[in-house]
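**Student:** Here you go, one structure.
The values are calculated or read from the model by the stated rules, or taken from the named source; none is laboratory data. What you are looking at is a predicted structure, and each value in this text was computed from that prediction instead of being measured. Cβ: placed from backbone, ideal geometry, glycine included. Neighbour counts: every protein chain shown. Note: accessible area is taken over every heavy atom of the protein model, side chains too, but ligands, DNA and RNA are not part of it. Shrake-Rupley method; radii C 1.70, N 1.55, O 1.52, S 1.80 Å.
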Amino acid sequence: SRRHKLYRQELNLTSAAAPLPLRPEASWLQFQLGISRDGLYPRSSPAVARLLRDMQAIPTVGADYSQDEKALLGACDCSQIVKPSGVHLKLVLRFQDFGKAMFKPMRQKREEETPEDFFYFVDFQRHNAEIAAFHLDRILDFRRVPPTVGRLINVTREILEVTKNEVLQSVFFVSPASNVCFFAKCPYMCKTEYAVCGNPHLLEGSLSAFLPSLNLAPRLSIPNPWIRSYSFEGKEEWEVNPLYCNTVREIYPYSNSNRLLNIVDMAIFDFLIGNMDRHHYEMFTKFGDDGFLLHLDNARGFGRHSHDEISILAPLSQCCTIKRTTWLRLQLLAEPEYRLSEVMRESLLQDPLAPVLTQPHLLALDRRLQLVLGAVARCIHAFGEAAVVANDTARALSPAEHRAQPDT
C-alpha cells in the first residue's frame, strides 16, 4: 500500500544493501554441515552454542510467512474440522549470513493449561513448548530437534520494517491498548481477536533453526503408523486393536530396520512433553531406512501438566521394544542425582526467556518418566529383557574396518 511504502521510505528501508558473501564460519552453515547419521548435531557442538547465541541476538534482515501459510492464503476451508497450520501464526525470520529461523509467537501464558475440553487438533501452539522440547531432546541424547531458542522480538522493527511481503505488512495494526499486533492472513483468521500483540512492541517467541534446503538435503514426510483420528468421532485401528503392532512389523520398512525403534523413541519423547499431534514424521533420505526421525513441530507439547496421555505410549506398550541406549538414559534420569526435572530446569536456565516451564510441568516430566519405565518393566516381565531391549550399542564394522582386523 502507499502508506507502507511512504513509511519504509521515511525510515530508509528501501535502499538495497550490498549482497553479503557467505562466510564459511557462519553458525547457520556450521550447524547444517554438522548433521550426520547420528543426529542433527554432535553431543558437544560449539556451532550449536554459537547458533543459539546468534538467533537470540543478531538483528533480522527479513521476515515472511512460512511456505505452508503462503499456500493457505485465500484458500482456507473453514468447513474443515481440523484447521490448517495457518491457524497458528508462524513466520520465517532471516538474518545476515543467510541464516533463517522459524518464529512462533507467544499464544499462551506459561501458567495456563490447555482446557480439558480442547481436542488435540485445535490446541494452542506454545512457543515455550518448542524451546523446552529442544532442551529435553538434547538431554535424552536424541539430538533430533533443531536448535531452538527464545527471544523478545520487536515486532515493529524486526518484522514490519524488514518484510517485503505486502500481505504481511497489511495485517499489522495498533490495538485499543496501543500495542502493535498482527495476524495470519487467512479467511477464518482475518479477525483481530486472533492476533498476537507486542507490549507495546516486544513479543516473546521461539526461534528454531532451519534445516538445509530440500534441494541440498532431501527429506521424506511419512505418516505415523500410530496417527490419530483427526475428527470428533471415530478411532484408528491401533486405538482398538492391542495387537496392532504385529501388523506394523510385517510392513516395510518397519519389518527390517531401525525404524520401529525410532518410532518408539519418538513416542517416548512425545509422551514426556504431552504431544498428541504427531501425525507425520520426517527423515533425511541420505541416511536410508535406518536414519533418525526428525522431531519437528513440538509446539503442542506442555499443554496439560495435570494429565498424562498414556495412549501416546502405544508404540512402546504394543510393540514392547526399546533401544538399550534409550532405556539406559531414561534409567539414569530417574536417579535422584540426575533427576530429569532438575536437569531440565538447569538446562532451561540458559534460555533468555527463562523460566521456560512452570514447576508443575517440570514435575510432570518425573512422573511421566516413571510411567515409561513402568511400561518397559511390564514388557520385560512378559517377554524377557533380551526380547524387549534392542542392543543398539554394538556398531557393525564397515568393510574397511573388517579388512583392518588382524588375522586370527
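**Student:** What single numbered condition from (1) open to solvent by less than 40 Å² (accessible area, probe 1.4 Å); (2) at pLDDT 85 or above fails to hold for ALA49?
**Tutor:** (1)
**Student:** Residues in segment 378-391: is at least one surrounded by fewer than 13 Cβ atoms within 10 Å (Cβ to Cβ) and modelled with pLDDT under 95?
**Tutor:** So far as segment 378-391 goes, yes, one or more of its residues are surrounded by fewer than 13 Cβ atoms within 10 Å (Cβ to Cβ) and modelled with pLDDT under 95.
Results for (1) basic (Lys, Arg); (2) under 30 Å from ARG324 (Cα atoms); (3) at pLDDT 95 or above; (4) more than 25 Å from the chain's Cα centre (by Cα), shown as yes or no for each residue.
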| site | (1), (2), (3), (4) |
| --- | --- |
| GLU130 | no, yes, yes, no |
| ASP137 | no, yes, yes, no |
| GLN169 | no, no, no, yes |
| SER175 | no, no, no, yes |
| PHE183 | no, no, no, no |
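**Student:** Let me ask something additional. With the requirement that a residue be open to solvent by less than 40 Å² (accessible area, probe 1.4 Å) and among the hydroxyl-bearing types (Ser, Thr, Tyr), what does segment 210-230 give you?
**Tutor:** Selection gives SER229 alone.
**Student:** To continue, here is another question. If you go through segment 265-316 one residue at a time, how many are out of contact with any helix residue (DSSP H, G or I) (no Cβ under 9 Å at 6 or more places or on another chain), part of a loop (DSSP other than H, G, I, E, B) and open to solvent by less than 10 Å² (accessible area, probe 1.4 Å)?
**Tutor:** 0
**Student:** Right, something else. Output yes when any residue across segment 278-297 is at positive phi, touching a Leu at 6+ places or on another chain (Cβ under 7 Å), not aliphatic (A, V, I, L, M) and not assigned by the TED database to the domain that holds LYS90, and no when none is.
**Tutor:** No, the conditions are met nowhere in segment 278-297.
**Student:** Out of the residues in segment 62-89 that are buried (at least 19 other Cβ atoms within 10 Å of the Cβ) and closer than 16 Å to THR156 by Cα, state the one that is modelled with the lowest pLDDT.
**Tutor:** This residue is TYR65.
**Student:** Considering each of LEU261, LEU207 in turn, give the residue that is surrounded by 12 or more Cβ atoms within 10 Å (Cβ to Cβ), in contact with a strand residue (DSSP E or B) (Cβ under 9 Å, 6 or more places away or on another chain) and either at pLDDT below 95 or part of a helix (DSSP H, G or I) (or both).
**Tutor:** Values: LEU207 fails: either at pLDDT below 95 or part of a helix (DSSP H, G or I) (or both).
Exactly one of LEU261, LEU207 is surrounded by 12 or more Cβ atoms within 10 Å (Cβ to Cβ), in contact with a strand residue (DSSP E or B) (Cβ under 9 Å, 6 or more places away or on another chain) and either at pLDDT below 95 or part of a helix (DSSP H, G or I) (or both), namely LEU261.
**Student:** Within segment 335-370, can you find the residues that are open to solvent by 40 Å² or more (accessible area, probe 1.4 Å), of a type in the set (S, T, N, Q) and farther than 16 Å from VAL149 by Cβ?
**Tutor:** Hits for segment 335-370 are GLN359, GLN370.
**Student:** Taking LEU332, is it without any contact (Cβ under 8 Å) to a residue 40 or more places away in the chain and open to solvent by 10 Å² or more (accessible area, probe 1.4 Å)?
**Tutor:** Against the criterion (without any contact (Cβ under 8 Å) to a residue 40 or more places away in the chain and open to solvent by 10 Å² or more (accessible area, probe 1.4 Å)), LEU332 qualifies.
**Student:** Also, I was wondering about something else. Exactly one condition in (1) in a loop (DSSP other than H, G, I, E, B); (2) modelled with pLDDT of 90 or more; (3) surrounded by 15 or more Cβ atoms within 10 Å (Cβ to Cβ); (4) assigned by the TED database to the domain that holds ILE153 is false for LYS164; which is it?
**Tutor:** (3)
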